[in-house]
Amino acid sequence: MTRPQHALLLDVSGRRVVVVGGGPVAARRAARLIEDGADVVVVAPALCEDLADHAAADRLTWHAREYAGGDLDGAWLVHTATGDRGVDDAVAADAEAARLWCVRADDAGASSAWSPAVARSGDVTVAVGAGGDPRRAVALRDAVALLLDTGALPLRRRRPVRGSVVLVGGGPGDPGLITTRGRRALAEADVVVVDRLAPRALLADLDPAVEVIEAGKSPHAHTLTQAQINDVLVERAQAGKQVVRLKGGDPFLLGRGGEEVLACIEAGVPVEVVPGVTSALAVPAAAGIPVTHRGLARQLTILSAHDATPDWRVLARLEGTLVLLMGVAQLPAHTRALLAHGKDPGTPVAIVENGTLPGQRTTVGTLADIADRARERGVGNPAVVVVGDVAAMADVLA
């Protein structure tokens, strides 16, 4: 019958913890203690490579000898992992006499304390014990860690904390293409300020108490202005809320993420950026188009094409691949400008609509005829336009 175990988390930072033993097991115990800020003292005649590295970097104190009486003086906690039953018994007995908790690597049943398998995600720590079966505990720990990292567990704080803002790049559309860090930020959010092209299917998984604020933008139709979005982020964070700004693609690629970060910094609000998979790369890839390919293209130019007036003379002369974002409405004008400045009319062009989503569709042609083909097929936004030799690979690799 398993003895009752009282679970407790310890703050060991700055406190003396003695590890007896110099092998790999002792090294694993010491590494965790060092990570948690303990004052680690190792007693062993010799050290394995990992422990030796810690000693050389002054991350622990090493007494290069066998265990002796008095080694536990001043300690708050003891780990013994010598591989010698007699030595471990002696350490455990001395710890018991000194009223110190002792974790034995050789015999969990003879220990007065146990090291659980620990899953950490942000400021959340979950300790898993499994009746003295370390492998079982590790398997459970790994399962819990995955759920924490992917935001599948309820991570919203229930006690007031200082508010903050996280800019999350949601990827090109498919909700499975958000990063695990971004998914966890959503699970922690009190407020989500969401764009039109963000992976909106993820909103259905939010706690019902989470406030969702629409900040979608389409050409000439903004739910909120950029200044209003900045104000919302700052105001909610200053009210003690954990705010997620959920964007499509990557926050720093034509997403005005820099402006939002600066607004938070100027207001003294903690802010973090979680990069995302940009549609400029992912959408062509989903259509079988590598934006760089040996022998065809070794450079990439990305252009915001919905309201910009770029130097088409320079763009027409560039080698490699040109990717136009938000450029469908101006496609006839853009193709005419490239042709007028000397771009080969036979240059392959591909337009990928609704990339990574169930309605994904690709229209291919050349610089000379793609505008007509797009009009005939009723091509619309959201879409990514790829100009260059690699665009011809859509028919081959899709």
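The values are calculated or read from the model by the stated rules, or taken from the named source; none is laboratory data. These numbers were taken from a predicted model, which means no experiment stands behind them. Glycine gets a Cβ as well: all are built from the backbone with ideal geometry, and neighbour counts include every protein chain shown.
Residues in the stretch 1-51 that are in contact with a Phe, Trp or Tyr (Cβ under 6 Å, 6 or more places away or on another chain) and either small (Gly, Ala, Ser) or closer than 17 Å to residue 65 by Cβ (or both): 20, 42, 43. Considering the conditions (1) exposed (fewer than 14 other Cβ atoms within 10 Å of the Cβ); (2) closer than 16 Å to residue 283 by Cβ, residue 362 is excluded by exactly one of them, (1).
Residue selection: residue 371 fails the criterion of being touching a residue at least 12 places away in the same chain (Cβ under 8 Å) and either surrounded by fewer than 17 Cβ atoms within 10 Å (Cβ to Cβ) or under 24 Å from residue 278 (Cβ atoms) (or both). The helices (runs of 4 or more DSSP H) located wholly in the stretch 224-325 that include 1 or more residues which are in the same structural domain as residue 386 (by TED's automatic domain parsing), crowded, with 17+ Cβ neighbours inside 10 Å and not charged (D, E, K, R) occupy 279-286, 312-317.
So which residues in the stretch 90-108 are outside any loop (DSSP other than H, G, I, E, B) and in contact (Cβ under 8 Å) with a residue 40 or more places away in the chain, if there are any at all?
91, 103
Within the stretch 60-73, the only residue that satisfies the criterion of being within 17 Å of residue 17 (Cβ to Cβ) and modelled with pLDDT under 95 is 70.
Every condition in (1) over 30 Å from residue 251 (Cβ atoms); (2) surrounded by 14 or more Cβ atoms within 10 Å (Cβ to Cβ); (3) under 27 Å from the mean Cα position of the chain (by Cα); (4) at pLDDT 85 or above is met by residue 116 except one, and the failing one is (4). In summary, residue 171 fulfils each of the numbered conditions (1) closer than 30 Å to residue 239 by Cα; (2) free of Cβ contacts under 8 Å to residues at least 40 places away in the same chain; (3) crowded, with 17+ Cβ neighbours inside 10 Å; (4) small (Gly, Ala, Ser) with the single exception of condition (2). Can you confirm whether the stretch 48-62 contains a residue that is surrounded by 10 or more Cβ atoms within 10 Å (Cβ to Cβ) and within 16 Å of residue 118 (Cβ to Cβ)? Looking through the stretch 48-62, none of the residues is surrounded by 10 or more Cβ atoms within 10 Å (Cβ to Cβ) and within 16 Å of residue 118 (Cβ to Cβ).
Looking at 350, 337, just one residue is outside the structural domain of residue 178 (by TED's automatic domain parsing) and not in a strand (DSSP E or B), and that residue is 337.
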